[in-house]
1. For the chain, with a Gaussian network of springs between Cα atoms less than 10 Å apart, report the residue from 381, 213, 37 with the top mean-square fluctuation.
2. Would you mind checking the pairs 92/210; 112/210; 39/276; 92/112 and listing those with alpha carbons more than 29 angstrom apart?
3. Could you check how many percent of all C-alpha pairs in region 304-408 are farther apart than 25 Å?
4. Report Rg(Cα)/(2.2 N^0.38 Å) for region 40-108, keeping two decimals.
5. How large is the accessible surface per residue of region 291-362, computed with a 1.4 Å probe and reported in Å² as a whole number?
6. Which translational diffusion coefficient, to the nearest whole µm²/s, is obtained for region 308-355 from the Stokes-Einstein equation, given a Kirkwood hydrodynamic radius over C-alpha pairs, 10 °C and 1.306 mPa s?
7. To check my understanding: the extent here is largest minus smallest coordinate of the Cα atoms along each principal axis. What are those three numbers for region 1-152, in Å, largest first?
8. What helices does the chain hold that run 30 Å or longer along their axis, going by alpha-carbon atoms, with a Kyte-Doolittle average of -0.5 or more, using DSSP H for the helix calls?
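The values are calculated or read from the model by the stated rules, or taken from the named source; none is laboratory data. Computed from a prediction, not measured in an experiment: that's the story for all the values here. We place every Cβ from the backbone using ideal geometry, glycine too, and count neighbours over all the protein chains shown. Accessible surface areas use protein heavy atoms only, side chains included; no ligands, DNA or RNA. Shrake-Rupley method; radii C 1.70, N 1.55, O 1.52, S 1.80 Å.
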Amino acid sequence: MRLTPGSGHDIDLDRVDLFDLELYSSGDPHPIWDVMRAKAPLHHQVLPDGREFWSVTRYDDVCRVLGDHREFTSERGTVVTHLGEDDVAAGKLMTSTDPPRHTQVRRAIGTKLTARAVASWQERIRRAIVRFLEPALDGDTWDLAEQAHRLPMIVAGPLLGIPERDWDELVQLTAMVTAPSDPHFHHGSEAATLAISHHELVSYVTEWVKRRRSDGGEDGSLLDHLMNVHAGDAPLTDEEIAYDGYSLLLGANVTTPHTVSGTVLALIERPEQFEKAQAHPSLIPSLVEEGLRWTSAACNFMRYATNETQIGGGTVPAGGAVVAWIGSANRDESQFTDPHTFDITRSENRHVAFGFGPHYCIGAPLARMTLRIFFEELLQRVGSIDLDGEPQHLRSFFIAGMTHLPIVAQKRKTL
Ligand code: HEM
């Protein structure tokens, strides 16, 4: 999807189709969300097959839907590609579980993903990123978006305990789960792509656990941690291990690459911001936060209303599916000054790119550290970056991202 919006004239909200994949692959949803925030903060859409959902687009409403599990439950599923199908993993997969069980499981898993815990990975991650960037510096065209798909596995593969020979397959499978209609990833129909990829990923973790149990030993990895951790007073069940391992793989793989590509594109389009970041490396943490806000790679998450509920000036019936549009909340003018301006010096930046409330991204410290190191190493090595072809956007209404971003980078002269 275009991250720098065009003009939003003549938008008829009654005709807007938020599930139209063209809107994200070649269109421009931001002007639509702008009008929705102003005129229809609660928007209702019925799909041709009869499924229906309500959308909230304002910052405060998005926080309320994501943050209050009593009004809006995660237990029937949270991903819009599964709209209308009750989640078979409810209560077993952390993301599809409400407190209090969610709190127990999250506390147990989270000890390995705190900022302090991931800091010990810093130098390892830096070495991996330096190697990753090497081919970008030989002066030829380099497709950053295509290459960046491998970045999370390079970074998080060893942390999770996944051998390098499996990385490519897992990258492909996780992309299939999140963008089942994109021609780069789909296998047959959208439903078949989702079913195959979901099954393969859960089986992968199940087999990994079986192997580890029969081999014995521990490697201190995150998957080992899932096998040994206690949530409440009992270990996780095998089903919980398989689902949560799947969820960590998915969370790690499908978002960070798009934040990298979208932020680099924003810098290419704004050379003055690129120069500023290069001249003042102390701005890199705020460049990362602005990149997270700007790209909002997890474009939305869904909840179901537990009871009839008033929100956004309207009513959602009990059981209604509510989509919280994170991409829109992060451009809400009541929260951000000049929200459609990419500004690496933005000081008030309480974006919700990692969500809000109990399900706030458990991988945020790892993602932030990866992004910071990526931009530190990139800006130190590269003097300029130019586009060398049209960016191609992901065909997905769930993940905002790119499949191709051909660039040519020139080495920085001081090196
Ligand atoms: C730029 C990178 C990332 C973005 C934008 C992002 C975004 C998000 C968002 C918006 C949520 C909230 C979901 C909800 O409310 O239902 C979330 C949850 C989650 N993320 Fe991330 N994420 C990123 C990186 C990661 C990484 C690196 C990992 C794994 C190490 C990860 C694993 C998870 C998991 C397991 C959850 C569920 C947490 C829970 O249910 O308590 N994410 N992420």
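1. Of 381, 213, 37, the most mobile in the Gaussian network model is 213.
2. The pairs that break the limit, which is 29 Å between Cα atoms, are 39/276.
3. The proportion of pairs with Cα distances above 25 Å equals 43 percent.
4. So region 40-108 has a normalised radius of gyration of 1.23.
5. Here the residues of region 291-362 average 35 Å² of exposed surface.
6. Diffusion coefficient, whole number: 124 µm²/s.
7. Result for region 1-152: principal-axis Cα extents of 51, 48, 29 Å.
8. TM-like helix candidates: 238-269.
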